[in-house]
Amino acid sequence: MPSTVLILGVAGRIGQALAGAFADAGWQVRAQSRKPLPAALATRPLVHTVHCDALDAVALHRAAQACDVVIHALNPPYTQWDRLALPLVDAAIAAARVSGALLMLPGNVYNFGRELPPLLTPDTPEQGNTAKARIRIEAEARMAAAPGLDSVVIRAGDFFGGTEPGTWFDLALASKLNAGRFIYPGRTDIAHAWAYLPDLARTFVRVAEQRARLRGPHRLHFAGHTVTGEEMRRALKFASGRPLRVGALPWWLFRLASPVVPLWRELLAMRYLWERPHRLDDHALVALIGAAPATPLQQAVSAAVASSGLVRQDAGVAPA
Ligand SMILES: NC(=O)c1ccc[n+]([C@@H]2O[C@H](COP(=O)([O-])OP(=O)(O)OC[C@H]3O[C@@H](n4cnc5c(N)ncnc54)[C@H](OP(=O)(O)O)[C@@H]3O)[C@@H](O)[C@H]2O)c1
């Protein structure tokens, strides 16, 4: 019998990558989404769409029957975390408990607060000194406290390389490649943690395959690529085949507009992540699954650029 995974939020960035990776590995995939999935995903034989809102408890209960794994890949709009993030994690917990499935969550580094240290281990103390840190700490605490629930948070850096736009990679770094510019939100000599989505999604599969060893709550860190802005600029230069000048993200504009543009206010509050070098320590993950999938940086960046459509063919660009 193939194993079954219910992916909540499958239309999102990691959701789509996860659905592909689990189907590639021969899992039955129940793909929860509010909107139609891209045809390439919806038409895969092992992918079965579950069309509902994740807060529809009855529909989710039905979808979660006889699942081995539930993945909480939902993400409320960035400006509505205070209202929706915790109800969504409660919904995911309830779904996993229907059949005693392992609940998996892609974690982020917000939990460590504004002064995050340079090396983040699964035991690094959390600091609830931003609104989003407090929400993430509470979400993971609810997972850990749910009686009888097996759960694992796989924490990762900023996503890149998926099919769904909306990451710092496509909205900032690679957004002006056609104009020969590399837009960076911080100092280019500071290390920043990135997660190439195809690698992270395959890591979820490998961890899910070890679910018999994951009783109770667990936390694992996915190292991904820890690189400076300058290293990213060089990889993007090679990928786009043209020189790239560094341009700063106009944070002053975000500050100016933040009283009237809520999203920009929220993004401004997370600026510290571009000013604090940080990397994720993956020892616990490696102890569980062996070496994690790790596409070389240049290959990952080139593939991300090619799949994003961010480079115009008429711009004289020769993809590496
Ligand atoms: N993005 C990153 O760089 C990053 C890095 C590390 C960890 N993470 C974590 O990974 C998780 C997923 O992030 P993501 O960037 O992949 O998310 P995303 O692309 O923003 O997508 C999440 C999906 O959640 C769905 N959703 C939200 N509320 C819903 C509801 N009530 N019912 C049904 N669907 C709902 C959305 O559906 P609609 O399209 O219908 O609105 C969307 O497709 C989050 O916990 C995030 O913090 C993200």
Exercise. Could you work out the relative contact order of the range 1-116, using alpha carbon pairs under 8 angstrom and six or more residues apart, expressed as a whole percent?
Key: 27
Quiz item: Taking all protein chains as present, what is the carbon and sulfur share of the accessible area of the chain, in % to the nearest whole number, probe 1.4 Å?
Solution: 56
Quiz item: Given a cut-off of under 8 Å on Cα pairs at least six residues apart, what relative contact order in percent is computed for the chain?
Solution: 18
Quiz item: Which lysines, on any chain, are close to residue 237 with Cα under 26 Å apart, when same-chain ones fewer than 8 places away are left out?
Solution: 176
Practice problem: Report the dimensions of the chain along its three principal axes from the alpha-carbon atoms, largest first, rounded to Å. | Solution: 53, 43, 41
Quiz item: Out of 191, 243, 180, whose Cα points farthest toward the positive end of the dipole of the range 167-243 (charges: +1 Lys, Arg; -1 Asp, Glu; placed on Cβ)?
Solution: 191
Quiz item: In nanometres, what is the gap between the two model label sites at residue 121 and residue 65, each 7 Å from Cα along Cα-to-Cβ?
Solution: 4.6
Self-check item: Where a label projected 7 Å from the Cα of residue 80 along Cα→Cβ would reach, residues of the range 34-73 with amide N under 19 Å
Solution: 34-37, 51-60, 72-73
Practice problem: Compute the relative contact order of the range 11-57 as a whole-number percentage, counting only Cα pairs closer than 8 Å that sit 6 or more residues apart in sequence. | Solution: 38
Quiz item: With a sphere of radius 13 Å drawn around the Cβ of residue 49, what net charge do the other residues whose Cβ falls strictly inside it have (Lys, Arg +1; Asp, Glu -1)?
Solution: +4
Quiz item: So, counting K/R as plus one and D/E as minus one, what does the shell of residues with Cβ under 11 Å around residue 152 add up to?
Solution: +3
Quiz item: Solvent-accessible area per residue for the chain at a 1.4 Å probe radius, Å²?
Solution: 44
Exercise. Can you check what the net charge comes to around residue 89, using other residues whose Cβ is under 14 Å from the Cβ of residue 89 (Lys, Arg +1; Asp, Glu -1)?
Key: +2
Self-check item: Cubic angstrom per residue, convex hull over Cα atoms of the range 61-210
Solution: 139
Quiz item: Any idea how far the Cα center of the range 62-108 sits from the one of the range 249-276, in Å?
Solution: 28
Self-check item: Label-to-label distance, nm, for residues given as residue 57 and residue 252 (7 Å Cα→Cβ offset)
Solution: 5.2
Self-check item: Relative packing of peptides 165-174, 110-119, 253-262 - highest average C-beta neighbours within 10 Å first
Solution: 165-174, 110-119, 253-262
Quiz prompt | Cβ-derived FRET efficiency at R0 41 Å, residue 141 paired with residue 298, nearest 0.05 | solution = 0.55
Quiz item: How big is the Rg/Rh ratio for the range 197-299, C-alpha atoms only, Rh by Kirkwood, two decimals?
Solution: 1.08
Quiz item: In nanometres, what is the gap between the two model label sites at residue 212 and residue 189, each 7 Å from Cα along Cα-to-Cβ?
Solution: 5.2
Quiz prompt | Gain upon complete extension [residue 172, residue 271; 0.36 nm per residue less C-alpha separation] | solution = 34.3 nm
Quiz item: Among all helices in the chain defined by DSSP H, which have a length of 20 Å or more along the axis from Cα atoms plus a Kyte-Doolittle mean of at least -1.0?
Solution: 81-98, 131-145
Practice problem: Go through 274-285, 63-74, 120-131 and give me the packing order, highest mean Cβ count within 10 Å leading. | Solution: 63-74, 274-285, 120-131
Quiz item: Taking all pairs of different Cα atoms in the range 1-107, averaging 1/r and flipping that mean, what Kirkwood radius in angstroms comes out?
Solution: 13.5
Quiz item: Can you tell which of 36, 210, 105 lies farthest toward the positive end of the dipole of the chain, using +1 and -1 charges on the Cβ of basic and acidic side chains (Lys, Arg; Asp, Glu)?
Solution: 36
Exercise. State the Cα centre-to-centre distance between the range 122-172 and the range 1-22 in whole Å.
Key: 17
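The values are calculated or read from the model by the stated rules, or taken from the named source; none is laboratory data. Computed from a prediction, not measured in an experiment: that's the story for all the values here. Positions of Cβ are generated from backbone atoms using ideal geometry, with glycine treated the same way; all protein chains shown enter the neighbour counts. Ligands, DNA and RNA are stripped out before the accessible areas are found, and what is left, the full protein with its side chains, is counted by its heavy atoms. Shrake-Rupley method; radii C 1.70, N 1.55, O 1.52, S 1.80 Å.
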